[in-house]
Amino acid sequence: MQIFKYVGLSLLASSLLLGASDLSNKATKAGLKAIPADETVLSKLIDPNKTISAEKVELGKKLYFEPRLSKSGIISCNTCHNLGMGGVDGVAAAVGHKWTANPHHLNSPTVYNAVFFAAQFWDGRSPHLEDQAQGPMQAGPEMAAPKSLVEERVNSMPAYVAEFKKAYGNDVKIDFETITSTIGIFERTLVTPSRFDDFLNGQKDALTDAEKEGLNTFIDKGCTTCHSGIALGGSMQPFGITAKYKHENVGDFKGDKNKMVKAPTLRNITETAPYYHNGAIWDLADAVKEMGRIQLGLALTDDEVAKIVTFLGALEGRKPEIAYPQLPKSTATTPKPDFN
């Protein structure tokens, strides 16, 4: 009897392992991709043009946390994309210069894993991170800093000039484009592999049985139609396919010229409330149910929603360790803060 007991347990374990393999294959066929475990493969993916270096990343990190890149001198990239809070600010509409809420009531998307997005901004107007970094810095309701002011502030600090030369060579032109692209280079490193990635990369016990069931439900209900790829989102998609979003009148954003909206990444989604482009839904289960209604034409049951939410918890990633940098001191020639 004891022999049969062990044989039975062995067969059960094999069955579970086969089930995990089948689910992993099903996820791959549905368009889901893992963050590569191999650092060489990952490096080629996040840095196809070979722009990343240790010096540029460190300099980009300082600029990311640098409030003097804003007109007021108190708003940095990290203000709205807080790396200690899932890469967001935790408010419905981003707040910028002169305590101005985003005039379109747009929510700050996470910067984590943004390197995997096909497009940046909710309307997809920017193709990559280096380009994206230029927008908020100049936007009146955000950092409100003209290009010339950003350049003057950075060039007024000898320590920054020395770091740019170290990163790019003595002939570097420290202009607005170089400053913002250096921030983008740092942002390329903000990748957060999760247990979901471990599962797709072959670690079959990385997910609990409940999370595997949630993943299976996520696929079967059609969520991968928009939330696929490495980012589980990040591409432009039609919005409100089968019904109108119940909070569509919060803000005036209607998408790009084709009424397409960038599907947000689901990575670290449990850390990035409130949800949707206008931050109108705070509860993740409510957000999932609404998505099923307006995108898939499904009235998801509470049980189905709970299973999907359980899976989404497995997308909480391992964040890179980032120490808050000591920034160069201002000089007599550094333009003063301007609150007008």
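The values are calculated or read from the model by the stated rules, or taken from the named source; none is laboratory data. If you're wondering where the values come from, they're calculated on a predicted model, not measured in any experiment. Reconstructed Cβ throughout: ideal geometry from the backbone, glycine too, with neighbour counts over all protein chains shown.
If we keep just the residues of segment 41-66 that are part of a loop (DSSP other than H, G, I, E, B) and among the acidic types (Asp, Glu), which is nearest to Tyr168 (Cα to Cα)?
Result: Asp47.
Is there any pair linking a residue in segment 247-273 that is within 30 Å of Arg195 (Cβ to Cβ) to one that is of a type in the set (D, E, K, R), with Cβ under 6 Å and at least six apart or on different chains, and which?
Close Cβ pairs (under 6 Å, with a partner that is of a type in the set (D, E, K, R)) amount to Asn268/Glu316; Thr270/Glu316.
Consider Phe65 carefully, then state whether it is aromatic (Phe, Trp, Tyr), within 30 Å of Leu32 (Cα to Cα) and in contact (Cβ under 8 Å) with a residue 24 or more places away in the chain.
In short, no.
So, in segment 70-95, of the ones that are in contact with a Cys (Cβ under 8 Å, 6 or more places away or on another chain) and surrounded by 22 or more Cβ atoms within 10 Å (Cβ to Cβ), which residue ends up nearest to Pro335 (Cα to Cα)?
Ala94
Let me spell it out: the conditions are (1) buried (at least 17 other Cβ atoms within 10 Å of the Cβ); (2) out of contact with any Lys or Arg (no Cβ under 7 Å at 6 or more places or on another chain); (3) assigned to a helix (DSSP H, G or I), and Lys165 meets all of them except one. Which number is the exception?
(1)
If Glu142 meets every condition in (1) out of contact with any Leu (no Cβ under 9 Å at 6 or more places or on another chain); (2) surrounded by fewer than 19 Cβ atoms within 10 Å (Cβ to Cβ) apart from one, which number is that one?
(2)
Any chance segment 17-34 includes a residue that's touching an Asp or Glu at 6+ places or on another chain (Cβ under 6 Å) and surrounded by 15 or more Cβ atoms within 10 Å (Cβ to Cβ)?
yes
Contact list please: Cβ distance under 6 Å, first residue in segment 290-302 and surrounded by 18 or more Cβ atoms within 10 Å (Cβ to Cβ), second residue basic (Lys, Arg) and not in a loop (DSSP other than H, G, I, E, B), pairs at least six apart or on different chains.
Filtered contacts from segment 290-302: Leu300/Lys289.
If I filter segment 323-334 for residues that are buried (at least 17 other Cβ atoms within 10 Å of the Cβ), under 30 Å from Tyr64 (Cα atoms) and either modelled with pLDDT under 95 or not assigned by TED's automatic domain parsing to the domain that holds Lys61 (or both), do I get at least one hit?
yes
Inside segment 184-195, can you point out the residues that are under 28 Å from Thr51 (Cβ atoms) and either without any contact (Cβ under 8 Å) to a residue 40 or more places away in the chain or not aliphatic (A, V, I, L, M) (or both)?
Residues satisfying the conditions are Gly184, Phe186, Glu187, Arg188, Thr189, Thr192, Pro193, Ser194.
Please tell me if Ala231 is crowded, with 19+ Cβ neighbours inside 10 Å, touching a strand residue (DSSP E or B) at 6+ places or on another chain (Cβ under 6 Å) and among the aliphatic types (A, V, I, L, M).
no
Every residue in segment 98-114 that is among the aliphatic types (A, V, I, L, M) and crowded, with 21+ Cβ neighbours inside 10 Å, please.
Scanning segment 98-114 gives Leu106, Val111, Ala114.
Of the residues Glu152, Glu142, which single one is in contact with a Pro (Cβ under 7 Å, 6 or more places away or on another chain), assigned to a loop (DSSP other than H, G, I, E, B) and charged (D, E, K, R)?
Glu142
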